[in-house]
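**Q** Okay, here's the structure, questions in a sec.
The values are calculated or read from the model by the stated rules, or taken from the named source; none is laboratory data. Everything quoted here is computed from the prediction, not taken from an experiment. Quick reminder, even Gly has a Cβ in these numbers, built from the backbone with ideal geometry, and neighbours come from all protein chains shown. Note: accessible area is taken over every heavy atom of the protein model, side chains too, but ligands, DNA and RNA are not part of it. Shrake-Rupley method; radii C 1.70, N 1.55, O 1.52, S 1.80 Å.
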Amino acid sequence: MNRIELKAMAQVEQERQAKFRCRILCCMSTPCISSGASKILAAFADAITAEGLAAEVEAATSGCMGPCSRGPMVTIKNRGEADVIYERVTPEMVAPILNRHVRGQTVPSLDARILSHDIPFFAKQEKVVLAGSGDIDPERLESCVAAGGYEALGQVLREMTPSDVCVEILRSGLRGRGGAGYPTGFKWQRVQKATGDRKYVVANGDEGDPGAYMDRTLMESDPHRVLEGMAVAGYAVGADRGYIYVRREYPLAAKRLEKAITQAERAGLLGNRALDSPFNFRIDIRMGAGAFVCGEETALMQSIMGRRGQPVPRPPYPAQQGLWGAPTLINNVETFGNVAMIINRGAEWYAGLGTEKSKGTKIFALAGKTVNTGLIEVPMGITLREIVYDIGGGIQDGRAFKAAQTGGPSGGCIPADNLDTPMDYEALAALGSIMGSGGLIVMDDTSCMPDVARFFMAFCMDESCGKCGPCRGGTVQMHRILTRITEGAATMKDLENLEELCGMVKDTSLCGLGQTAPNPILSTLRFFRDEYEVHIRDHHCPAGVCRFDNAVSRAI
Amino acid sequence: MTVVTLTINDRLISAKKGSTILEAAEDADIFIPTLCRLKGLSPRGGCRLCLVEVEGSPRLTASCITQAQEGMVVRTETETLGRYRRMIIELLLTERNHVCAVCVMNGRCELQRMAARLGVDHVRYEYRYPDLAVDASHERHVRDPNRCILCARCVRVCDEVEGAHTLDMMGRGIHTNVITGMNIPWGKTRSCTSCGKCVQVCPTGAIFSKGTGVAEMEKRQDFLAWILSGRDDNIWNWGE
Ligand SMILES: Cc1cc2nc3c(=O)[nH]c(=O)nc-3n(C[C@H](O)[C@H](O)[C@H](O)COP(=O)(O)O)c2cc1C
Ligand code: SF4
Ligand code: SF4
Ligand code: SF4
Ligand code: SF4
Ligand code: FES
Ligand code: FES
């Protein structure tokens, strides 16, 4: 297929869609499926056939729309009308929805289930990476192409040199979305300049952070966008092969990626002579077995090569020596998800989004005690307050906001005083937290901070790979001390030991897991030290979470 | 020979280009503590005892895997490094069951010696007392995971030098363990050649010869350098 044929394919699909008076899009991503989306889609399809509406109404699969905890979600696109989104759709609602949107009947009972498009949850978002997510059918190439899929690849293959592409990404200001925020353009240039007969591109879709599902959603909802980003990267750095590493817990993402790869290869968009150019690019999927540390880039590459997934010391960096000793570009899935938009709309446009040093948008998995939870994409630099109170709709039951945890087990907490902090890499780092991959847990006054720290330490302890002594043994001891604190059995000496361990594990561990494992403790100590002290001195948990059944006997 | 010049603890040192900071220091008789490193095996960077401070680098640097560079300024003995190293040793002691008084390596153990040398005179952390079974199924050697520090020297020597790959690691975090075969008793493995290399390189009493009693085990680590230099000099390569 060449670019003209690509455009033709897009047009055919657009015309096909335009034929329908009403299109019913059912979210078929993991959260909605688990609340029964498959039955809803089937019910719409059945009703359409039964009522002979097949020529004017279509029921189709789509990706995630965002408010995932309110699934199954359904969008109605009625010709000439604004889109309507229904939440918590049940099979009983299928007939009334059809009646309302096809036959124009008024059905007041449905109103309660409509999520208006202009509520702050949607209005404050800016969808760049997820632009196609709630719209396209991730299992149909035509649907993705109709939304502009592979246009960027076509453009770079015809109109740009590999160096141009690297410069364009650099100028966009895009930074890695996997956690550390390294400038993506620099990384591409390094791989491009590295010498080697063979080079590789790796997409990191491991996403081991508890509670995070940004990457899963992107892979499930718009797999072609990730593949296209990888192919553009492959062209830019001179690689002819890519791997996308997906964790075992994401079977649907893997299935859709596999389907997408097959479809794109058949259509001549990937594989040999992509888009009738001399560029060859094959992508393979690798499944991880579910170890958090396999998201760490050196461990991930070991795992791809079939070895024990353990980090190896850097340097050499993957850009010099990665897979099988060859220069390797490794980026997060969401990072690749930005690429096509940067090419399509230009680096200037992209650099206009976000803040001076943090460009573009970021996807967050908003969880915890806000009224609205789900997946959101916001411009960088939006304040935490806007996320919590506008998009999130405030705290449930009108309780008080206490803190937001960002960055998962490598991150930290932002207290209420800092609600006006802009969400960008620098501002979060200044507060001792990190952007991380996008987990965002909002806590109210019923959360106990030492207990929160203990939760994350338990995670790091279980996920430590065991290769280096400080992380393997240190996380265990830190967890023990935190447990004693939350059981009312600790002394002030324990707190001192805990702080000393935090410093040692941070400074001496081999990989990022150990180096960041103490962060949740350090940040809660920074803002909520009194809570630790009250637990120890008074055997009292201000949030009422911890029980002190053993405290009396131990305290004597 | 190309040489680089660097400063270690305020002393100017010349080192062969390509050598690690650790090798450069050792050649100049500067002591840097190590446990997972053994000359002749691939570097691992796991024990973290060999960390040093390099001027201009915000992070501590593992000297066993970092090449000495021209003009580097390195410190190997600072208050922080000493404190961290002692804490790392303390953690190793709490992880498993180290009861030196009844250990075959008492008096010759590298962990024990390192603890003494670095000044670890007590342990501030809770002992874990894991329940780990001793494997005495091999006719000549015994593996006692209670004394293991997970340095993987045995795993590396068996794989890289003997070529048997009988030993490997299983599990993660604190549950990591050395296994034999596909986690079957050592005596039942068919790949083990009983060469005894793992016995000789193990720094502690975790692998020892059957029949040795308390404080009786002696290990000869210089054999590794001897075998490897023999191989490098092509002594066994009769084709040429
Ligand atoms: C313990 C650990 C886990 C990680 N997990 C992930 C992950 O799940 N996904 C990811 O993209 N990056 C993860 N990273 C970061 C990667 O090592 C790497 O920095 C990233 O994939 C680079 O891509 P980027 O530049 O696009 O962010 C992890 C790092 C550490 C230390
Ligand atoms: S820091 Fe933890 S996860 Fe990383 S290598 Fe060391 S033990 Fe493994
Ligand atoms: S291995 Fe070393 S430290 Fe451990 S018990 Fe034996 S002698 Fe003591
Ligand atoms: S005796 Fe030799 S072959 Fe057997 S496990 Fe030890 S090193 Fe490997
Ligand atoms: S058995 Fe000995 S050599 Fe092997 S990992 Fe344990 S301590 Fe190291
Ligand atoms: S999964 Fe359906 S809206 Fe997110
Ligand atoms: S000797 Fe360098 S980390 Fe063990």
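**Q** Filter region A:245-293 for residues that are within 14 Å of chain B (Cβ to nearest Cβ) and either within 16 Å of ligand 5 (Cβ to nearest atom) or more than 21 Å from A:S29 (Cα to Cα) (or both) and give the result. Reasoning before the result, please.
**A** First, the residues of region A:245-293 that are within 14 Å of chain B (Cβ to nearest Cβ): A:288-293.
A:A289, A:A291, A:F292, A:V293, listed by residue number.
**Q** In region B:37-61, what residues are under 14 Å from A:P315 (Cα atoms) and within 14 Å of the chain's Cα centre (by Cα)?
**A** Taking region B:37-61 as the starting set, the residues that turn out to be under 14 Å from A:P315 (Cα atoms) are B:43-45, B:57, B:59-61.
Hits for region B:37-61 are B:P43, B:R44, B:G45.
**Q** Identify, please: which residue in region A:28-66 is farther than 17 Å from A:D222 by Cα and touching a Gly at 6+ places or on another chain (Cβ under 7 Å) and is, among those, least open to solvent (accessible area, probe 1.4 Å)?
**A** Step one: filter region A:28-66 for residues farther than 17 Å from A:D222 by Cα, giving A:34-59.
From what's left, touching a Gly at 6+ places or on another chain (Cβ under 7 Å): A:35, A:37.
On the way: A:S35: 55, A:A37: 2 Å².
By that ranking, first place goes to A:A37.
**Q** Can you say whether B:L92 is within 16 Å of ligand 7 (Cβ to nearest atom), free of Cβ contacts under 8 Å to residues at least 60 places away in the same chain and over 25 Å from B:N9 (Cβ atoms), as far as the supplied structure shows?
**A** Values: within 16 Å of ligand 7 (Cβ to nearest atom): yes; free of Cβ contacts under 8 Å to residues at least 60 places away in the same chain: yes; over 25 Å from B:N9 (Cβ atoms): yes.
So B:L92 fits the description; yes.
**Q** Please verify whether A:L41 is touching a residue at least 12 places away in the same chain (Cβ under 8 Å) and out of contact with any helix residue (DSSP H, G or I) (no Cβ under 6 Å at 6 or more places or on another chain), treating the condition exactly as stated.
**A** Values: touching a residue at least 12 places away in the same chain (Cβ under 8 Å): yes; out of contact with any helix residue (DSSP H, G or I) (no Cβ under 6 Å at 6 or more places or on another chain): yes.
Yes, satisfied.
**Q** A follow-up question, please. Only residues that are open to solvent by less than 10 Å² (accessible area, probe 1.4 Å) and farther than 16 Å from A:M449 by Cα: list them for region A:477-496, please.
**A** Hit for region A:477-496 is A:Q477, nothing else.
**Q** Let me ask you something else. In region B:151-161, what residues are more than 16 Å from ligand 7 (Cβ to nearest atom) and surrounded by 20 or more Cβ atoms within 10 Å (Cβ to Cβ)? Even if it seems obvious, please write down each step before you answer.
**A** Let us first name the residues in region B:151-161 that are more than 16 Å from ligand 7 (Cβ to nearest atom), namely B:158-161.
If the condition is that a residue be more than 16 Å from ligand 7 (Cβ to nearest atom) and surrounded by 20 or more Cβ atoms within 10 Å (Cβ to Cβ), then B:C158 is the only one that fits.
**Q** A further question on this structure: Just to be sure, is B:C148 open to solvent by less than 20 Å² (accessible area, probe 1.4 Å) and away from every other protein chain (no Cβ under 14 Å)? So that I can check it myself, show each step before the final result.
**A** Values: open to solvent by less than 20 Å² (accessible area, probe 1.4 Å): yes; away from every other protein chain (no Cβ under 14 Å): no.
Criteria not met by B:C148.
**Q** Residues A:T217, A:T195, A:T184: which one is of a type in the set (S, T, Y) and open to solvent by 10 Å² or more (accessible area, probe 1.4 Å)? If you could, list the steps in order and put the result at the bottom.
**A** Working: A:T217 fails: open to solvent by 10 Å² or more (accessible area, probe 1.4 Å); A:T184 fails: open to solvent by 10 Å² or more (accessible area, probe 1.4 Å).
Testing whether each residue is of a type in the set (S, T, Y) and open to solvent by 10 Å² or more (accessible area, probe 1.4 Å) leaves just A:T195.
**Q** Which ones in region B:168-184 are within 12 Å of ligand 4 (Cβ to nearest atom) and either within 13 Å of another protein chain (Cβ to nearest Cβ) or in a loop (DSSP other than H, G, I, E, B) (or both)?
**A** Of everything in region B:168-184, those that are within 12 Å of ligand 4 (Cβ to nearest atom) and either within 13 Å of another protein chain (Cβ to nearest Cβ) or in a loop (DSSP other than H, G, I, E, B) (or both) turn out to be B:D168, B:V178, B:I179, B:G181.
**Q** Which condition from (1) within 14 Å of chain B (Cβ to nearest Cβ); (2) touching a Phe, Trp or Tyr at 6+ places or on another chain (Cβ under 6 Å); (3) closer than 28 Å to A:P162 by Cα is the one that A:G229 breaks?
**A** (1)
**Q** Being more than 7 Å from every other protein chain (Cβ to nearest Cβ) and over 26 Å from the mean Cα position of the chain (by Cα) is the filter; apply it to region A:443-470 and report the residue that is farthest from ligand 2 (Cβ to nearest atom).
**A** Among those that are more than 7 Å from every other protein chain (Cβ to nearest Cβ) and over 26 Å from the mean Cα position of the chain (by Cα), it is A:D445.
**Q** Could you say whether any residue in region B:220-230 is polar (S, T, N, Q) and at pLDDT below 95? Break it down stepwise before answering.
**A** So the first thing to find is which residues in region B:220-230 are polar (S, T, N, Q), and the list is B:221, B:229.
Filter again for at pLDDT below 95, leaving B:221, B:229.
Yes.
**Q** Identify all residues within region B:1-25 that are open to solvent by 70 Å² or more (accessible area, probe 1.4 Å) and not in a strand (DSSP E or B); write none if there are none.
**A** B:M1, B:T2, B:D10, B:K17, listed by residue number.
Yes/no per residue for (1) at pLDDT 95 or above; (2) assigned to a strand (DSSP E or B); (3) open to solvent by less than 40 Å² (accessible area, probe 1.4 Å); (4) assigned by the TED database to the domain that holds A:L174:
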{"residue": "A:N372", "(1), (2), (3), (4)": "no, no, yes, no"}
{"residue": "A:E377", "(1), (2), (3), (4)": "yes, yes, yes, no"}
{"residue": "A:E386", "(1), (2), (3), (4)": "yes, no, no, no"}
{"residue": "A:E426", "(1), (2), (3), (4)": "no, no, no, no"}
{"residue": "A:R454", "(1), (2), (3), (4)": "yes, no, no, no"}
{"residue": "A:A458", "(1), (2), (3), (4)": "yes, no, yes, no"}
{"residue": "A:R472", "(1), (2), (3), (4)": "yes, no, yes, no"}
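**Q** What pairs come out if I take residues in region A:283-307 that are on the phi > 0 side of the Ramachandran plot and pair them with residues that are open to solvent by 20 Å² or more (accessible area, probe 1.4 Å) and more than 16 Å from ligand 5 (Cβ to nearest atom) whose C-beta lies under 8 Å away, six or more apart or interchain?
**A** Hits for this filter: A:G290/A:R247; A:G290/A:R248; A:G290/A:E249.
**Q** So, one more: Being among the small types (G, A, S), farther than 25 Å from A:V128 by Cα and in the same structural domain as A:L153 (by the TED database): is that true of A:A291 here?
**A** Values: among the small types (G, A, S): yes; farther than 25 Å from A:V128 by Cα: yes; in the same structural domain as A:L153 (by the TED database): yes.
Spelling it out, A:A291 is indeed among the small types (G, A, S), farther than 25 Å from A:V128 by Cα and in the same structural domain as A:L153 (by the TED database).
**Q** Given the criterion aliphatic (A, V, I, L, M) and within 30 Å of A:A458 (Cβ to Cβ), identify the matching residue among A:V246, A:V237, A:V165, A:V156. Talk me through it step by step, then tell me what you get.
**A** Values: A:V237 fails: within 30 Å of A:A458 (Cβ to Cβ); A:V165 fails: within 30 Å of A:A458 (Cβ to Cβ); A:V156 fails: within 30 Å of A:A458 (Cβ to Cβ).
Checking each option against the conditions leaves just A:V246.
**Q** Moving to a separate point now. Output the residue which, of all residues in region B:132-167 that are polar (S, T, N, Q) and in a loop (DSSP other than H, G, I, E, B), is farthest from ligand 6 (Cβ to nearest atom). Break it down stepwise before answering.
**A** From region B:132-167, those polar (S, T, N, Q) are B:137, B:146, B:166; that's our starting set.
Checking which are in a loop (DSSP other than H, G, I, E, B) leaves us with B:137, B:166.
On the way: B:S137: 53, B:T166: 48 Å.
Ranking the qualifying residues of region B:132-167, first place goes to B:S137.
**Q** If I ask for residues that are over 16 Å from B:E95 (Cβ atoms) and in contact with a helix residue (DSSP H, G or I) (Cβ under 6 Å, 6 or more places away or on another chain), which ones from region A:496-505 would you list? Before the answer, list the steps.
**A** Step one: filter region A:496-505 for residues over 16 Å from B:E95 (Cβ atoms), giving A:496-500, A:502-503.
Answer for region A:496-505, where residues must be over 16 Å from B:E95 (Cβ atoms) and in contact with a helix residue (DSSP H, G or I) (Cβ under 6 Å, 6 or more places away or on another chain): A:L498, A:C502.
**Q** From the set of residues in region A:29-75 that are among the polar types (S, T, N, Q) and in contact with a strand residue (DSSP E or B) (Cβ under 7 Å, 6 or more places away or on another chain), which is nearest to A:C144 (Cα to Cα)?
**A** Applying the filter and picking the extreme gives A:S62.
**Q** Determine which member of the set A:L482, A:L498, A:L440 is more than 11 Å from every other protein chain (Cβ to nearest Cβ), out of contact with any Cys (no Cβ under 9 Å at 6 or more places or on another chain), assigned to a helix (DSSP H, G or I) and hydrophobic (A, V, I, L, M, F, W, C). Talk me through it step by step, then tell me what you get.
**A** On the way: A:L498 fails: more than 11 Å from every other protein chain (Cβ to nearest Cβ); A:L440 fails: assigned to a helix (DSSP H, G or I).
When all the criteria are applied, what remains is A:L482.
**Q** Mind checking which residues of region B:72-88 are part of a loop (DSSP other than H, G, I, E, B) and over 25 Å from B:K39 (Cα atoms)?
**A** Within region B:72-88, the subset part of a loop (DSSP other than H, G, I, E, B) is B:72, B:76-78.
B:T78 - this is the single residue of region B:72-88 that is part of a loop (DSSP other than H, G, I, E, B) and over 25 Å from B:K39 (Cα atoms).
**Q** Answer with yes or no whether B:G45 is more than 16 Å from ligand 6 (Cβ to nearest atom), part of a loop (DSSP other than H, G, I, E, B) and either open to solvent by less than 10 Å² (accessible area, probe 1.4 Å) or facing chain A (nearest Cβ under 8 Å) (or both). Working first, answer last.
**A** On the way: more than 16 Å from ligand 6 (Cβ to nearest atom): yes; part of a loop (DSSP other than H, G, I, E, B): yes; either open to solvent by less than 10 Å² (accessible area, probe 1.4 Å) or facing chain A (nearest Cβ under 8 Å) (or both): yes.
Against the criterion (more than 16 Å from ligand 6 (Cβ to nearest atom), part of a loop (DSSP other than H, G, I, E, B) and either open to solvent by less than 10 Å² (accessible area, probe 1.4 Å) or facing chain A (nearest Cβ under 8 Å) (or both)), B:G45 qualifies.
**Q** Residues to consider are A:G185, A:G181; find the one that is modelled with pLDDT under 95 and touching a helix residue (DSSP H, G or I) at 6+ places or on another chain (Cβ under 6 Å). Please lay out each step first, then the result.
**A** On the way: A:G185 fails: modelled with pLDDT under 95.
When all the criteria are applied, what remains is A:G181.
**Q** Also, quick follow-up: Just for region B:132-141: of the residues that are open to solvent by 30 Å² or more (accessible area, probe 1.4 Å) and without any contact (Cβ under 8 Å) to a residue 60 or more places away in the chain, which one is farthest from the chain's Cα centre (by Cα)? Spell out the reasoning first.
**A** We begin by selecting, within region B:132-141, every residue open to solvent by 30 Å² or more (accessible area, probe 1.4 Å); these are B:132-134, B:136-137, B:139-140.
Filter once more, keeping what is without any contact (Cβ under 8 Å) to a residue 60 or more places away in the chain: B:132-134, B:137.
Numbers: B:L132: 21, B:A133: 22, B:V134: 21, B:S137: 25 Å.
Checking each candidate, the answer is B:S137.
**Q** So how many residues does region B:89-131 have that are over 21 Å from the mean Cα position of the chain (by Cα), under 18 Å from B:R143 (Cα atoms) and part of a loop (DSSP other than H, G, I, E, B)?
**A** Total meeting the criteria: 3.
**Q** Can you find a residue in region A:400-412 that is surrounded by 24 or more Cβ atoms within 10 Å (Cβ to Cβ) and at positive phi?
**A** Taking every residue of region A:400-412 in turn, at least one turns out to be surrounded by 24 or more Cβ atoms within 10 Å (Cβ to Cβ) and at positive phi.
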